[in-house]
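What follows is a single structure, written as structure tokens, with notes after it.
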Amino acid sequence: MESAIKWLKLYIITYINKMIFNIPNSLTLLRIALIPIMVFLVLSDSPSNRILASLLFLLAAITDYLDGLIARQMRQHTNFGEFLDPIADKLLVIIILVLLLSENNQLFFLLPAIIIITREFLVVAIRQRLAELGNKIILKVTTISKIKTATQLTALFLLLYKDPLLMIDTYNLGVFFLQIASILTLISFIYYVKKSWNDII
């Protein structure tokens with residue numbers, strides 16, 4: 001009997017590890033783990049650390065692309081991954097944006113940041129409301145949402161890098177991309193609202 005219980009425990013642990021610590025989920029967890037490191041590097045106020053923080057952000061952005069790709073190619077979709085991936089994305093964007101707001105509170109930077117952060121919270125609220133209603137609506141990622149995400153991540157990378165690159169003012173370029181991302185953010189949010197409005201109301 002004891003051996004059967006031990007075997008069952010081992011099977012359950014192995015199953016959980018397989019479900020949670022597959023490649024896509026490991027990449028998502030890595031993305032979350034990189035966030036406090038980037039925060040520390042930026043707050044250290046060292047030019048070299050700032051560059052390192054931007055490179056780590058680039059790595060995090062790459063994992064955001066790879067985890068979905070690998071999950072599809074290797075059929076490693078899990079409920080844990082579906083739950084954790086959007087949380088990791090939102091944590092990455094919101095925390096880095098708040099961090100950057102500490103050094104730039106001008107309107108042309110503040111307004112896009114507020115739009116992006118507010119949208120992230122509202123989408124979470126919509127998903128939560130639909131879940132509470134037991135609704136089966138799936139808010140699929142649209143093409144414009146993918147473009148928005150790419151533009152957003154590009155903007156944050158450039159803002160983190162900050163220093164001129166090949167005679168290009170990366171910071172102002174990053175602000176421009178952030179403004180474009182905020183417009184795309186509004187458009188994609190309208191899609192989510194239209195898709196779920198009747199059910200929420």
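Remarks
- Members of region 44-64 that are without any contact (Cβ under 8 Å) to a residue 24 or more places away in the chain, of a type outside the set (A, V, I, L, M, F, W, C) and surrounded by 14 or more Cβ atoms within 10 Å (Cβ to Cβ): Asn49
- Scanning region 149-179 for residues that are farther than 16 Å from Leu100 by Cβ, among the hydrophobic types (A, V, I, L, M, F, W, C) and in a helix (DSSP H, G or I) yields a count of 1.
- When Asn105 is tested against (1) assigned to a helix (DSSP H, G or I); (2) more than 11 Å from the chain's Cα centre (by Cα), only condition (1) is not met.
- Thr78 being in contact with a helix residue (DSSP H, G or I) (Cβ under 7 Å, 6 or more places away or on another chain) and modelled with pLDDT under 75: yes
The values are calculated or read from the model by the stated rules, or taken from the named source; none is laboratory data. Note that this is a predicted model, so its numbers are computed, not measured. Methodologically, a virtual Cβ is constructed for each residue, glycine included, from the backbone with ideal geometry; neighbour enumeration extends over all protein chains shown.
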